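S.K.: If you scroll down you'll find the structure; I have some questions about it.
Please treat every number below as a calculation from the coordinates, not as lab data. Given the structure is predicted, the values throughout are model-derived calculations rather than measurements. FYI the Cβ positions are ideal-geometry reconstructions off the backbone, even for glycines, and counts take in every protein chain you see.
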Amino acid sequence: MKPNFLRETILAAKEQVIIQPSVEVLSNRKAALRGKYRILEYSDEWIRIQLEGLQICLYGSGLELDSVLPEILEIRGIISRIEYEPSGERL
């Protein structure tokens, strides 16, 4: 077996993993979205985000994008309401 075979196999598999969209809400102060996303609208009172096949809108006050990474988005502030709407849009 080649010394780098296992490493190359793991790296190739990692590139093929598809992250399913998910939303994690921690109390009413923080939400974390995982998966491919696109920010559609943003203010300190609402944030509308397109995920793979799902559109989400968070409402509240003092909302801000805390961590913006390619497949992780964290939102902080006082979250008062979350709306989910199925969407056929692919990212």
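S.K.: Compare the peptides 54-63, 75-84 by average per-residue count of other Cβ atoms within 10 angstrom and give them in order, highest first.
M.R.: Top to bottom by mean Cβ count within 10 Å: 54-63, 75-84.
S.K.: Run the simple label-point estimate for I39 and S80 please: 7 Å along Cα→C-beta, distance reported in nm.
M.R.: 2.2
S.K.: Separate question: Using Cα pairs under 8 angstrom and six or more residues apart, how large is the relative contact order of the stretch 20-86, in percent?
M.R.: That works out to 31 percent.
S.K.: For the stretch 41-87, rounded, prolate or oblate, judged on the Cα gyration tensor with a ≥ b ≥ c (square roots of eigenvalues), a/c < 1.5 rounded, else prolate if a/b > b/c?
M.R.: Judged from the Cα gyration tensor, the stretch 41-87 comes out oblate (a/c at least 1.5, b/c at or above a/b).
S.K.: Less than 13 Å Cβ to Cβ from I47, Lys/Arg counted +1 and Asp/Glu -1: what total charge do the surrounding residues give?
M.R.: Here the charged neighbours net out to -2.
S.K.: Please give the contour-minus-distance gain from L26 to E64: 0.36 nm per residue of separation, less the Cα-Cα distance, rounded to one decimal in nm.
M.R.: Length gained between L26 and E64: 12.2 nm.
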